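Take a look at the structure below.
The values are calculated or read from the model by the stated rules, or taken from the named source; none is laboratory data. Keep in mind it's a predicted model, so treat the numbers as computed, not measured. Cβ: placed from backbone, ideal geometry, glycine included. Neighbour counts: every protein chain shown.
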Amino acid sequence: MTMQWQWLQPDVSCALRAYAKINLTLDILGRRGDGYHALATVMQTVDLYDTLCLTLRDDEEVRLVCTRPELSTEANLALRAALVLREYTGERRGLQIELQKRIPCAAGLGGGSSDAAAVLLALARLWQLQLTAAELVKLAASLGSDVPFFLYGGLALCEGRGELVRPLPPYWPTELRWLVLLKPAISVATAEVFSALTARDYSDGSHTRAVCAALQEQRMPSLAHLHNGLERGVVERYPEVAAGREALLEAGAPFVRLSGSGPTLFTGLADLEQAHRLWLRLQEQGYEVYLTQPVSCSAESLTLAPLPAR
């Protein structure tokens, strides 16, 4: 997983970053027998991140404190990840999770899923668990379809309902070096977006295959293949998203796409000066907007692999 890691007290406390993502593609292949939709999507982590601090407690209690108090509940995926891992391993040591929230919630950026994956990987180290990659992926998938992707981070093809992850070579087009993200002032429920899909929103996965081929050949994909099967319905259903899309285009964005189920929209530019000018213009209009870059896995990051005890 792409996240910066720091031991605060060896074997007792650590701090780490959990990064957001965007979807370069999102092909909806159809509805599965289990009620989920079959997907093919290319995702990339970006340097908008939450910060987590995990500290072992002397008792058996597991607690979460978040800078957004309404998220300090049992429904928080970071807390659920810790509890699921405790149940799976039989670990009884307590834990304090402190979460500084920066990634917008219900925004199509995967913030909650990223937090959950960060907790799984960090606790494997803190609790000195000998878990295999397959075990971690299974636990992650039980928490949500995007969580397995965040065990890897970087650039990846995700299939199934999103939980089948194949990391891609870390090539990123220079044309998309700077990413501007615009979050309309609404939240969108993923389940509602998927429930509103119709047959015309389905595709055969060709957009995702074309983008994967372009990236593997180290070239910029065609903008026509930066496709999101959820975008039509979200833009039509939520006027705020349609307005944000128009604001981006009028401000000079070369293209605009929806990330995940939205409502966050993004564009990419090669030049920092142009990207900053676009970011500033939208900020002056009152939009919640972020200027980011892609984040790839590095030697300093935790990665999904058998994790040795410290």
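If residue 75 satisfies all but one of (1) in contact with a strand residue (DSSP E or B) (Cβ under 9 Å, 6 or more places away or on another chain); (2) closer than 23 Å to residue 263 by Cα, what's the number of the condition it fails?
(1)
Could you grab the pairs with beta carbons closer than 7 Å, sequence gap of 6+ or different chains, first residue in the range 141-152 and over 19 Å from residue 168 (Cβ atoms), second one of a type in the set (A, V, I, L, M, F, W, C) and assigned to a helix (DSSP H, G or I)?
141/147; 142/84; 143/77; 143/81; 143/84; 143/116; 144/77; 144/116
Has the range 94-107 got any residue that is in a helix (DSSP H, G or I) and in contact (Cβ under 8 Å) with a residue 12 or more places away in the chain?
Within the range 94-107, none of the residues are in a helix (DSSP H, G or I) and in contact (Cβ under 8 Å) with a residue 12 or more places away in the chain.
Of the conditions (1) under 28 Å from residue 138 (Cα atoms); (2) surrounded by 22 or more Cβ atoms within 10 Å (Cβ to Cβ); (3) modelled with pLDDT of 95 or more, residue 205 clears all except one; give me its number.
(2)
Working carefully through the options 82, 107, find the one that is out of contact with any His (no Cβ under 8 Å at 6 or more places or on another chain), buried (at least 17 other Cβ atoms within 10 Å of the Cβ) and under 25 Å from residue 290 (Cα atoms). Give the derivation first.
Details: 82 fails: under 25 Å from residue 290 (Cα atoms).
107 is the lone residue from the list that is out of contact with any His (no Cβ under 8 Å at 6 or more places or on another chain), buried (at least 17 other Cβ atoms within 10 Å of the Cβ) and under 25 Å from residue 290 (Cα atoms).
Give the range 201-225 a look and list any residue that's free of Cβ contacts under 8 Å to residues at least 40 places away in the same chain and touching a helix residue (DSSP H, G or I) at 6+ places or on another chain (Cβ under 6 Å), or say none.
210
Residues being closer than 13 Å to residue 182 by Cβ and in a loop (DSSP other than H, G, I, E, B): count how many of those fall in the range 256-273. Show your work before the answer.
Step one: of the range 256-273, the residues closer than 13 Å to residue 182 by Cβ are 256-259, 262-268.
Okay, now just the ones that are also in a loop (DSSP other than H, G, I, E, B), so 256, 259, 262-264.
Summing the residues that are closer than 13 Å to residue 182 by Cβ and in a loop (DSSP other than H, G, I, E, B) in the range 256-273 gives 5.
For the range 173-202, which residues satisfy the criterion of being of a type in the set (Val, Ile, Thr), farther than 27 Å from residue 251 by Cβ and surrounded by 12 or more Cβ atoms within 10 Å (Cβ to Cβ)? Working first, answer last.
Of the range 173-202, the ones of a type in the set (Val, Ile, Thr) are 174, 180, 186, 188, 190, 193, 198.
Subsequent filtering for residues that are farther than 27 Å from residue 251 by Cβ retains 190, 198.
Selection gives 190 alone.
Look through the range 226-240, keep the residues that are touching a residue at least 12 places away in the same chain (Cβ under 8 Å) and out of contact with any strand residue (DSSP E or B) (no Cβ under 7 Å at 6 or more places or on another chain), and return whichever of them is farthest from residue 200 (Cα to Cα).
240
Within the group 53, 14, which residue is over 21 Å from residue 141 (Cα atoms), surrounded by 15 or more Cβ atoms within 10 Å (Cβ to Cβ) and under 20 Å from the mean Cα position of the chain (by Cα)?
53
Suppose the filter is outside the structural domain of residue 256 (by TED's automatic domain parsing), hydrophobic (A, V, I, L, M, F, W, C) and either within 17 Å of the chain's Cα centre (by Cα) or surrounded by 22 or more Cβ atoms within 10 Å (Cβ to Cβ) (or both); does residue 139 pass it? Step through it out loud before you land on a result.
On the way: outside the structural domain of residue 256 (by TED's automatic domain parsing): yes; hydrophobic (A, V, I, L, M, F, W, C): yes; either within 17 Å of the chain's Cα centre (by Cα) or surrounded by 22 or more Cβ atoms within 10 Å (Cβ to Cβ) (or both): yes.
Against the criterion (outside the structural domain of residue 256 (by TED's automatic domain parsing), hydrophobic (A, V, I, L, M, F, W, C) and either within 17 Å of the chain's Cα centre (by Cα) or surrounded by 22 or more Cβ atoms within 10 Å (Cβ to Cβ) (or both)), residue 139 qualifies.
Could you check the range 179-205 and list, in sequence order, the residues that are in contact with a His (Cβ under 8 Å, 6 or more places away or on another chain) and either in the same structural domain as residue 108 (by TED's automatic domain parsing) or over 18 Å from residue 110 (Cβ atoms) (or both)?
Of everything in the range 179-205, those that are in contact with a His (Cβ under 8 Å, 6 or more places away or on another chain) and either in the same structural domain as residue 108 (by TED's automatic domain parsing) or over 18 Å from residue 110 (Cβ atoms) (or both) turn out to be 197, 203.
(1) surrounded by fewer than 17 Cβ atoms within 10 Å (Cβ to Cβ); (2) assigned to a helix (DSSP H, G or I): which one isn't true of residue 166, the others all being true?
(2)
Given the options 277, 232, 237, 257, name the one that is surrounded by fewer than 17 Cβ atoms within 10 Å (Cβ to Cβ) and either closer than 18 Å to residue 41 by Cα or outside the structural domain of residue 182 (by TED's automatic domain parsing) (or both).
232
If you go through the range 169-218 one residue at a time, how many are part of a helix (DSSP H, G or I) and touching a strand residue (DSSP E or B) at 6+ places or on another chain (Cβ under 8 Å)?
Final tally of qualifying residues: 11.
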